[in-house]
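Colleague: To start, I am sharing the structure in question, which I have written as structure tokens.
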């Protein structure tokens with residue numbers, strides 16, 4: 001993890017969970033005070049979900065500009081993420097830590113790498129893709145955790161258009177992302 005990125009990791013641990021992998025514990029230990037274990041109180045179908053929602057609410061009040069990444073394969077968090085975004089709380093669910101753009105360093109990647117990263121993200125969103133140009137620009141800005149300039153974002157949009165991934169009709173956007181490669185696929189042409 002790049003050391004110049006202000007990151008705080010909260011690991012939610014189940015009430016009955018007795019063990020953590022040594023690799024995970026060692027990785028969190030390197031973060032010092034920037035890592036915290038939160039023991040879930042009680043057990044039940046949605047205990048974790050409620051704890052995560054509570055902590056994001058609390059932390060977003062403390063830092064309205066924070067960006068939250070829920071690392072989980074559980075798509076049940078997607079309605080929470082949608083609600084958070086609707087309320088201008090920057091958030092996303094990713095399946096693996098390596099899917100978090102700012103941690104992978106791909107914010108600083110080449111234009112083609114950025115274009116492919118956002119195209120994969122848009123493809124994964126399915127029906128919840130932005131429908132208007134302004135929303136698309138905001139989505140790209142949030143995806144790259146607001147580290148890109150407006151000119152960089154415009155370049156990405158132009159490249160997405162050139163690749164045929166999106167088409168504008170006035171400010172309404174439609175997508176054709178069926179040929180977008182999965183992460184790790186060969187991008188050579």
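Colleague: Whole angstrom only: what separates the Cα centroid of region 1-64 from the Cα centroid of region 131-153?
Modeller: Centre-to-centre distance over Cα atoms comes out at 28 Å.
Colleague: Continuing with the same structure: For the chain, give me the percentage of DSSP beta bridges that are antiparallel, rounded to the nearest 5 percent.
Modeller: Looking only at bridges with both residues in the chain, the antiparallel portion is about 35 percent.
Colleague: Below 8 Å between Cα atoms, with a sequence gap of 6+, how large is the relative contact order for the chain in percent?
Modeller: For the chain, the relative contact order is 15 percent.
Colleague: Going by alpha carbons, how many degrees (0 to 90, nearest 10) lie between the helix axis of 111-125 and the longest principal axis of the chain?
Modeller: Helix 111-125 and the main axis of the chain meet at about 70 degrees.
Colleague: Please tell me the relative contact order of region 9-103 in percent, rounded to the nearest whole number, where contacts are Cα pairs under 8 Å and at least six residues apart.
Modeller: Answer for region 9-103 is 23 percent.
Colleague: Continuing with the same structure: What's the exposure ranking of 54, 90, going from fewest to most Cβ atoms within 10 Å?
Modeller: Placing the least packed residue first, the sequence is 54, 90.
Colleague: Mind checking the angle between helix 150-162 and the chain's longest principal axis? C-alpha axes, 0 to 90 degrees, to the nearest 10.
Modeller: It works out to around 60 degrees.
Colleague: Sorting 114, 39 on the 10 Å Cβ count, fewest up front, what's the list?
Modeller: 39, 114
Colleague: Kindly identify region 107-175 as rounded, prolate or oblate by the Cα gyration tensor criterion: order the square roots of the eigenvalues as a ≥ b ≥ c, call it rounded if a/c is under 1.5, otherwise compare a/b with b/c, prolate if a/b is larger, else oblate.
Modeller: Rounded is the answer for region 107-175, as its axis ratio a/c remains below 1.5.
Colleague: Measure nothing but the geometry: give the 0 to 90° angle between the long axis through the Cα atoms of 47-62 and the longest principal axis through the Cα atoms of the chain, rounded to 10°.
Modeller: Between the helix axis and the principal axis of the chain, the angle is about 70 degrees.
Colleague: On to the next question. If neighbour count is taken as other Cβ atoms inside 10 Å, put 50, 77 in order from fewest to most.
Modeller: The fewest-first ordering by Cβ neighbours comes to 50, 77.
None of the figures in this text is laboratory data; all of them are computed from the coordinates on show. Just so it is clear, the model here is predicted, and its values are computed rather than measured. Reconstructed Cβ throughout: ideal geometry from the backbone, glycine too, with neighbour counts over all protein chains shown.
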